[in-house]
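Throughout, read-outs are computed from the coordinates displayed, never taken from laboratory work. It should be emphasised that the depicted structure is a prediction, and the values quoted were computed from it without experimental measurement. Please note: Cβ atoms are built from the backbone with ideal geometry, for glycine as well, and neighbour counts cover all protein chains shown.
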Amino acid sequence: MKSYYEAVDIITEASLYLHQVHATRKFSFGTWTSRQHVFVSIKAGEETGYGENIVSVNQPEVSLEDWKAWLQELVGLTVGEAIDYLRARLDTWRDRMTEMTEMALVDLWGKLVKQNALELLELPGRKPVCGVYVILSDDMKVIEDKVKYAISCGKTRFIKVKLFGDENLDCQVIGMVRKYLSREETYLIGDVNCGYRPEGTEKSLEDITVSMKHLYEAGLDACEDPAFLELLEWQELQSQVHPLSLIPDYPMRPSRKAEKTIVEGMGDCYNIHPGSAASIFDAISLAGRIRQLGADLMIGDDSLVGPGCTIWQQLAIGLSAQWVEATEKEDDSDFFYECIRKISTDSHTNPIVYQDDCYGFGLYLDEKRLADSCDQVLRVTLPSGV
C-alpha cells in the first residue's frame, strides 16, 4: 500500500446522511422490516470522499446525534492523520463506524493525490467480476418471479438464495431456481445464517452433514454458514459434504481477528463480509491470508444500497474475487442513483466492469439532492479561524 501521509489537506467538514429503507427480508433467525443506512461524506481541499454502512435494523428511531462526537474528532486533522486516528480506535469504536469512515478517507485520499484507490491500495486485479443476484424470500411465487427477472436481465451466472434451516423448505427454494436454471448455467449459493444449528443449540454434525448432502442433491452448489460450528467442525463438515462448497462468513468478522484464527479447509471459498470487516485495509490483509490457505475469495454484502456497493465492487475486482454480492438494489437504491454525478462501476451490467480512469473510488454525488432524500442529516465543520 502506498503512503497515505501524502494526503496533507485538512479535513474541513464531515457529514452523515441517514436513509430509512423499509423492506421485508426474511432470515433463519428472524425478519427485518427496516434498515437504517448511513452515508458519510468527508471534505478536504476541493474534494469529497464517501462511505456507507447499515447502522441498525428495525430501529427507525435511531438518531445521528449519537455519532456527532466521533465525527468531530476527525475535523481539523489531515487525511493521513485521520486514517491513523481511526485505526488506533479499531478496538473501541464500532466496526461499522470505522469501516465506512475508512472508505470515505481512502476515497478522499485518492481524489486529493489524483490516483485511483486500487493503485493506492496496490491491488492488481482489473478483470470484470460477476455480481450475485440475491433472492431473499420463502415464498415460491416470489422466488419464481425473481428467477425470471434474473434471466431477463442476464444476471444468472451466480444466484444466491436465503435458506432457513428447514430441509423441506430449503429444497423447495433450491428446486424453484433449478426449475429454470441448470448447474451449467448457474452457480447456486444458499445462505442459511447458521439455521441448521444456531448458536446455543444442539444438533450432531452427522445430522448437519445429511442435510447438506440433501441440499446438494437438490441442486445447491455452495452453502454459506450452514450451522454454528467450531473451527475443526468446519473442516470436518467440508471434507464430508464435498463437492458441496462451504463458505464461512461469521468466523470472518472482523477481518483483523479472522486473519489470526481462520484455518485451512473450512470451505472452498471464504467470505469477506461488508459491514463487518471494520476496515478495508484489514479486509485486504485477510484476503491475502485466504489465498495463503489455498481457498477462493468472495465479497459478500450487508444489504448495502449506495457508496458501499461500488467501493466493494472495486475491491472485489482488485482482489480478483470469484464474485461480489454487494450490488445496488432494485427499488432500494433508486434514491442513490438519482444523486450520482459520476460512478466507476455499474452493476446493471454483469459482469461488472471497472473504469480505472478515476480518482479515489470515482464516486461523485449531488449532496443537496442526497440531503433532500434522507431522513436525517448531521454536519460537522471546522470552526472559523482554525
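Observations on the structure shown:
- Expected-Rg normalisation [2.2 N^0.38 Å, Cα atoms] applied to region 115-258: 1.15
- Extension gain, residue 22 to residue 126: 0.36 nm times the residue separation minus the Cα-Cα distance gives 33.9 nm.
- Inter-part distance where region 147-178 and region 194-233 are each reduced to a Cα centre, Å: 18 Å
- Calculated mean residue ellipticity at 222 nm for the chain: -10000 deg cm²/dmol, from DSSP H runs with n ≥ 4 weighted as -39500 (n - 2.57), summed, divided by the residue count and rounded to 500.
- For the chain, the membrane-span-like helices by this rule, meaning whole DSSP H stretches whose C-alpha atoms cover at least 24 Å of axis and whose Kyte-Doolittle mean is -0.5 or above, are 95-113; this says nothing about an actual membrane.
- Across 127/368; 146/213; 26/213; 127/160; 162/342; 2/368, pairs whose alpha-carbon gap is larger than 30 Å: 127/368; 162/342; 2/368
- Dipole check for region 153-212: with +1 at the C-beta of Lys and Arg, -1 at the C-beta of Asp and Glu, and the Cα centre as origin, the magnitude is about 460 Debye.
- From most to least packed by mean Cβ count within 10 Å, the peptides 25-34, 345-354, 315-324 give 315-324, 345-354, 25-34.
- With the simple model of a label 7 Å out from the Cα in the direction of the Cβ, residue 204 to residue 56 spans 4.4 nm.
- Using alpha carbons only, the radius of gyration of region 133-342 set against its Kirkwood radius gives Rg/Rh = 0.96.
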